[in-house]
1. How much of the accessible area of the stretch 214-442, in percent, comes from carbon and sulfur atoms when a 1.4 Å probe is used?
2. Once phi is turned into ³J(HN,Hα) by the Karplus curve 6.51 cos²θ - 1.76 cosθ + 1.60 with θ = phi - 60°, what whole-Hz value does each residue of the stretch 425-430 show in order, with x for glycine and proline?
3. If R₀ is 35 angstrom, what is the calculated FRET efficiency for the pair ARG502 and GLU414, using the beta carbon separation as r and rounding to 0.05?
4. Using every alpha carbon pair in the stretch 214-442, what percent of pairs falls into each 5 Å bin from 0 up to the bin containing the largest distance?
5. So how far apart, in nm, are the two label points at ASN367 and ASP275 if each is 7 Å from Cα heading toward Cβ?
6. If packing is taken as the average number of other Cβ atoms within 10 Å across a peptide's residues, how do 229-236, 200-207, 305-312 rank, most packed first?
7. Taking the Kirkwood radius as the inverse of the mean 1/r across Cα pairs, report the Rg/Rh of the stretch 185-312.
8. Could you calculate the FRET efficiency of GLU267 with PHE544 from 1/(1 + (r/R0)^6), where r is the beta carbon distance between them and R0 is 56 Å, rounded to 0.05?
Amino acid sequence: MYQCSETNKTRETFCDIYFEMSLKKILLGTVFLRNRYIGLSSVSTITDKKYRFDESEGFLFRTKGKILTAAVFSSVLIGAAVNEQIKDKNVKSQSNDVVIEAGEKLPDLPTYTAEEVSKHGDKNSFWVTYKHGVYDVTKFLPSHPGGEQIMNAGGLSIEPFWNVYGMHKTPEIYKLLESYRIGNLHDDDVIDHSDDELWVKEPVRDNRLIVKTAKPFNAEIPAKYQIEFFDTPNELFYVRQHMPVPELDADDHRLKVTVKGSKIRTEEFSLRDLDKFRRVTTRAALMCAGNRRSEMNEQVKPVKGIGWMGGAISNAVWGGVYLRDVLLYSGVDPEDTKGKHVIFTGADIDATGVNFSTSIPLDMAMNPSSGILLATTMNGHPLPPDHGRPLRAVVPGAPAVRSVKWLQSITVSEDESPSHWHQKDYRAFNPSKTWETADFATAPPVYSLPVTSAICDPADGDVVSVKNGAVQVRGYAYSGGGAKIVRVDVSADGGRSWWEARELQADAAPPQQHYGWTLWTASVPVATQQKEVELWAKATDSNFNTQPERFNDIWNIRGILSNAYHRIKIKLVH
C-alpha cells in the first residue's frame with residue numbers, strides 16, 4: 001500500500017482526496033510510481049501544478065490560474081483510429097482480421113524502466129505505457145481530440161484511464177496504440193491495473209437498448225420504440241455517460257449554490273429543502289449534440305465521436321423546481337447577468353478525480369421562459385440512476401450535455417466552466433477546420449440545437465408493401481431553443497416533389513416554449529412500376545428554419561449538429 005508522508009502536506013492532502021473515492025484511488029499506482037522516480041515536486045514542475053479540492057468544482061489541476069482537465073485518451077479516440085494511417089512496424093502478426101492484444105511482452109524490442117519512461121513527458125518526447133508495452137506517441141499529440149489534457153499522462157501508464165473509458169478496448173484502438181510501440185516495460189515496473197471496481201455498481205440496463213460503448217455506458221433507443229411512445233419509457237430513454245455512474249443517497253444528497261461577486265454567497269439545499277420552491281413539470285426531449293453523427297461520418301468523411309445513429313434523442317416529462325427560483329433565492333440579481341455564467345458540476349468523476357462540469361450563460365438561466373429545471377423525477381418516477389438520480393439539471397432546447405446529471409453544485413461566476421467538456425468540446429466549427437487548425441478558445445459553445453428529423457419506420461433496407469399507391473412513413477422531428485415543429489415533408493423522387501405529413505403529435509406548449517419532440521406520419525405516393533425508392537425527410541420549425549439538404553455543408557470535426565435531410569432506401573412490393 002502506498003503511504004503518504006506526514007511531513008508532506010501537499011502529498012497528504014493529495015492522498016486523502018484520492019482515497020475518498022475509488023475513482024480517484026485508481027490513479028495512486030501511476031501517480032506514486034512517478035513520485036518514486038522524480039518526486040512529487042518534480043511532478044508539479046511539469047506544468048507548475050498545485051492541487052486543491054473545491055467542493056463546488058471537484059478535484060482540479062491548476063496551472064498558473066488556469067485549469068487542466070483529465071489526463072485521458074479521449075472517449076472520441078475511436079475516430080482517430082479510423083483516420084490514422086497505421087504502420088505495423090513492430091507487431092508482425094497484426095492484420096485486419098487479427099485481434100491485437102495490446103501491451104503483450106514482445107521479443108526483439110528494447111526494455112525500459114518506469115524511471116526511463118517518466119523522463120519522456122513533454123511535447124518533444126511523449127511516452128506512455130500499457131501493461132508491458134512502451135509507446136512513443138509524440139506524433140499523435142497534434143491529433144489528440146482532447147488537446148492539451150493528454151499532457152498529464154506523459155511518462156505514465158494509460159491503463160487506469162482506459163479502465164474508466166472502456167470503449168478504448170477495441171481492435172482498432174489496440175492497433176493504433178501498437179503502431180507507436182517502441183519497447184517493453186521492465187517486469188519489476190509492471191503494475192496490475194485490472195481492478196474493475198469502478199463498474200461493479202453500474203445500473204441494470206434494458207436489453208432492448210442499442211449499446212454503442214459499454215464502459216462508460218452509451219446506448220441509443222431503437223427507432224421503432226421512438227415512435228411507439230410519445231413520452232419515452234424511462235428504461236428505453238437513450239443513455240449518454242462520460243464516466244461511471246456515481247451511487248448517491250437521496251436523503252444525504254446536498255446541492256451547493258455559490259454566487260460569486262463583490263461578496264461570495266453560498267447556500268446549501270437538501271432535496272427536501274428544494275420543496276420550498278414551486279414544483280413544476282416540463283415535457284422536454286433531450287438530444288445529444290452528436291445525434292445522427294454516423295450519417296455525417298459515412299456520407300462525407302470521418303469525424304471523431306460515438307457513432308450515434310438517430311437514437312440519441314428521447315422525450316420525457318421532467319418534474320422539479322425552476323433553476324431561476326433557486327438562483328433568485330440564492331442572491332442572483334436578475335438585472336446583472338451580462339457576461340456571467342452558471343456552472344453545473346456533477347458527482348461523476350474522471351480518472352484524475354475531475355468532476356464532470358459544463359455551463360450556460362446566466363441570462364439564459366434567468367430567462368423566465370427558459371423552463372430550466374432542477375429535476376428529481378422523470379415521467380412521474382424518481383430519476384433512474386442512469387439519468388441523474390437523485391438530482392439533475394434539465395436545460396430544454398440545449399444539447400443534453402448542458403443538462404448535467406447527479407448535480408452537486410451550481411456556481412454563478414464571470415467565468416465559464418473550466419472543464420474539458422466545456423472548453424474543448426461541444427463547440428461549432430466550419431467544414432474547413434481540422435483538428436490542427438481548430439481554435440476551441442474562439443469557437444462558440446453550442447447552447448441550442450438546430451431543427452432535425454428522422455424516419456423511424458420503415459428502416460433503411462426494409463421491404464415495404466405499397467397500399468393504395470402509397471407507403472406509410474413515420475418518424476420524429478425536433479428543434480432546439482423552444483421552437484415548435486410546424487411541418488414535416490417527405491420526398492420519394494429526389495426532392496422534385498414533397499408530401500406533407502398530415503399527422504403531427506406534439507405537446508400543447510406554445511412556440512418559443514416548446515421543448516418536446518413531434519412524432520409524425522406521412523402517406524407518400526410511389527409509382528406503380530417502382531421497385532425501390534429513396535425517401536427523404538425534412539422538418540421546418542416555428543422560426544421557419546428548415547434542415548439543410550447535404551451534410552457536406554455542415555460537416556465538422558466533431559460531427560455535431562448533424563441535421564441534413566434524413567434519407568433511407570427501401571424496396572417496394574406492390
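1. Values: 3790 of 8200 Å².
On the stretch 214-442, the fraction of accessible area on carbon and sulfur atoms equals 46 percent.
2. Along the stretch 425-430, the couplings run 7, 6, 10, 9, 10, 7 Hz.
3. On the way: r = 50 Å, r/R0 = 1.43.
Computed FRET efficiency for ARG502 and GLU414 comes out at 0.10.
4. P(r) for the stretch 214-442, in whole percents per bin: 1, 6, 13, 18, 19, 17, 12, 7, 4, 1, 0.
5. So the label points at ASN367 and ASP275 sit 3.3 nm apart.
6. Highest mean packing first, the order is 305-312, 229-236, 200-207.
7. Rounded to two decimals, Rg over Rh is 1.09.
8. 0.85
The values are calculated or read from the model by the stated rules, or taken from the named source; none is laboratory data. Quick caveat, the model's predicted, so the values are computed rather than measured. Heads up, the Cβs are rebuilt from the backbone with ideal geometry, glycines too, and the neighbour counts pull from every protein chain shown. Surface areas here come from the heavy atoms of the whole protein model, side chains and all, with no ligands, DNA or RNA. Shrake-Rupley method; radii C 1.70, N 1.55, O 1.52, S 1.80 Å.
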